[in-house]
Amino acid sequence: MNQNLLIVDDEYEILLGLEEMFRYEFDLEVDVYTANSAYEALELLDRVRFDVVLTDIKMPGMDGITLFERIKENWPRCKTVFLTGYRNFDDMYRVINDRDVRYVLKSEEDEAIMGAVKELLEQGQKELEQEKLQEKQKQLLEKAEFWIRKSLLDQIASGNILEPDIGKSMNELGIGFLAKSPSLLFWIRIEGAGEDEPLRDGYYMAECLSQIFEENMPSKLRFYLHMTDIRQGVLFLQPASLDEVNWEQVFVVARGAVEYSQEIFGNACGGSFSAVLWNVPAVLMEYPERIRILRQHMIQYLGEDQGALIYLEKQEDADRESAVHSFMARIPSLKSLLELRKKKEYFACLCVCLEQMTKKCSLHDGGALEIYYSVAVLLLQFINENHLSGQMAFKTALYKLTKADAHDNWNDAARYLWEVSEAIFSVMDINENTLTERALKRVVTYIDEHLAEELSLTALAEVGGFNASYLSRLFKQVKKETLSDYILNKRMNLAKYLLAQTNEKIQNISAKTGYISPHSFTRAFRKETGVSPKEYREMRMNETDRGGESP
């Protein structure tokens, strides 16, 4: 993360000296800003986030202590180093106990001033790291929140179980049934959600229904209502005691609780709900198929009817395409993996889906067609949303995505979908590299054309379209040198050229290479080359003279 330093002093010479010191002698990378008064500092503070303010205490108009108080109102993280010419205990008493404050006398060495600033910059970084750690711990403590529980139950309902220990995770999240034990599954559909604000009213009614189940479910049952959307969900039920379970009795008790809750819900919420109840328990891996069949019966037998209950009292005939439907549940995960560019995981998931498709012989098989077009539509949608069709045209024929009969068999179709997927990842890799190169080229071009100007990390980040810390990291990764080193080398190379090839005054050269004074330019040049600009010019002149002599 880039750090910004603001120096405030009403004495211009002191301000200039401090700026030069922190630009060219400070051993941390910071963007340095200056202000000649507290009011000018406040204007900068309205536009830029500062990590440390180094300010004189005694200034006309508004003193440093008042400035400090104004800073804290808007930037509570900002630290302050007070620079004073004498010890004033009244001033010190006002802020002496503030851990974000340091005092330094102007009579002290430069190292003491830079040390105080460095200490506060490092303190700010440590505080950020500590807050990140605390936030991470807070997130772990908040796992019981609704959306995290919903995510886990969505995995269970779809068969895409990503949690390595699903039972432990359910227990930590307070989900009221056991993953390793059989459950009765009832499908619930809420009716009568408001038409004006269906989303708000839908969540309200779902919460009401959950509360009614909580209040009216017998203590001999453990349960959990998982809403897959604002109107529909699945009710998981288990006996509180798993010793010698009589599932017929469990079903009768659960059915009675649902019937009773249905009456209360209508009176309490002004709506209704319907349910499909099945008396056969299911284990964890059977949940996706069980939910699919329950939903299917809701659609086929209830339609638009409201407030109805359907009882399935025996095992229905097995659906010949149940395997296809169970694999179809992986399609949302496939899309997510593609968007997140998790290539290895994406192809592992795709392989499972396509394997089921290739087991079919007929090109008219409904299940295989469903898998093919689901994957094909997913790919086509991703290509269109990300404007990849032009580049993809050079890699594969996209028209086949909408024509399953363009393939000789399902193996051929599976290979095609695999090739399209590989082409998408290939194009995305190229685009990512190209966009990065273009952005860095903009930054480099801007530096080359603006060497005479201030080249702060914040300003260059805006040119590249990145945040400052990412630009700094990316530049070093691609260019194999830091951004500050690149700028310094460019400025030094320009300075050497102007010193050796022109008669320009050193004062003009310092301005053209972005230094605020000839003194600061000389100091930076000597540090880089070991000689002063004047000595460098004389050395190059002598070399030219010797080169012109006759052998």
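The values are calculated or read from the model by the stated rules, or taken from the named source; none is laboratory data. Just so it is clear, the structure is predicted and the values come from calculations on it, not from any experiment. All Cβ positions, even for glycine, are placed from backbone atoms using ideal geometry, and neighbour counts span all protein chains on display.
Summary table below
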read-out: Test set (1) among the aliphatic types (A, V, I, L, M); (2) buried (at least 20 other Cβ atoms within 10 Å of the Cβ); (3) under 33 Å from the mean Cα position of the chain (by Cα) - LEU42 fails condition number; value: (2)
read-out: Some residue of segment 430-442 being basic (Lys, Arg), assigned by TED's automatic domain parsing to the domain that holds TYR486, part of a helix (DSSP H, G or I) and at pLDDT below 90; value: no
read-out: Residue within segment 272-285 that is touching a strand residue (DSSP E or B) at 6+ places or on another chain (Cβ under 7 Å) and without any contact (Cβ under 8 Å) to a residue 60 or more places away in the chain present; value: no
read-out: Positions within segment 211-252 being buried (at least 19 other Cβ atoms within 10 Å of the Cβ) and of a type in the set (Gly, Ala, Ser), in sequence order; value: GLY233
read-out: Pick from segment 17-39, criterion of a type in the set (Phe, Trp, Tyr) and within 22 Å of ARG70 (Cα to Cα), ranking: surrounded by the most Cβ atoms within 10 Å (Cβ to Cβ); value: TYR33
read-out: Test result for GLU142, modelled with pLDDT of 85 or more and of a type in the set (Asp, Glu); value: no
read-out: Lone unmet requirement of (1) modelled with pLDDT of 90 or more; (2) touching a strand residue (DSSP E or B) at 6+ places or on another chain (Cβ under 6 Å) for SER456; value: (1)
read-out: Filtered residues of segment 1-51 (kept if touching a Gly at 6+ places or on another chain (Cβ under 9 Å) and of a type outside the set (Phe, Trp, Tyr)); value: GLN3, VAL8, ASP10, SER37, ALA38, ASP51
read-out: Subset of segment 436-456 [of a type in the set (Gly, Ala, Ser) and closer than 15 Å to LEU494 by Cα]; value: ALA452
read-out: From PHE213, PHE251, PHE223, residue being in contact (Cβ under 8 Å) with a residue 40 or more places away in the chain, under 25 Å from TRP147 (Cα atoms), part of a helix (DSSP H, G or I) and aromatic (Phe, Trp, Tyr); value: PHE213
read-out: Some residue of segment 66-75 being at pLDDT 85 or above, aromatic (Phe, Trp, Tyr), over 23 Å from ARG23 (Cβ atoms) and surrounded by 15 or more Cβ atoms within 10 Å (Cβ to Cβ); value: yes
read-out: Cβ pairs under 7 Å, 6+ apart, first in segment 156-185 and free of Cβ contacts under 8 Å to residues at least 40 places away in the same chain, second part of a loop (DSSP other than H, G, I, E, B) and not hydrophobic (A, V, I, L, M, F, W, C); value: GLY167/LYS180; SER169/GLU163; GLU172/LYS143; LEU173/LYS143
read-out: Considering residues of segment 80-95 that are at pLDDT below 60 and surrounded by 10 or more Cβ atoms within 10 Å (Cβ to Cβ) only, the residue farthest from the chain's Cα centre (by Cα); value: ASN88
read-out: Single condition GLN501 does not satisfy, out of (1) surrounded by fewer than 14 Cβ atoms within 10 Å (Cβ to Cβ); (2) under 19 Å from GLU19 (Cα atoms); value: (2)
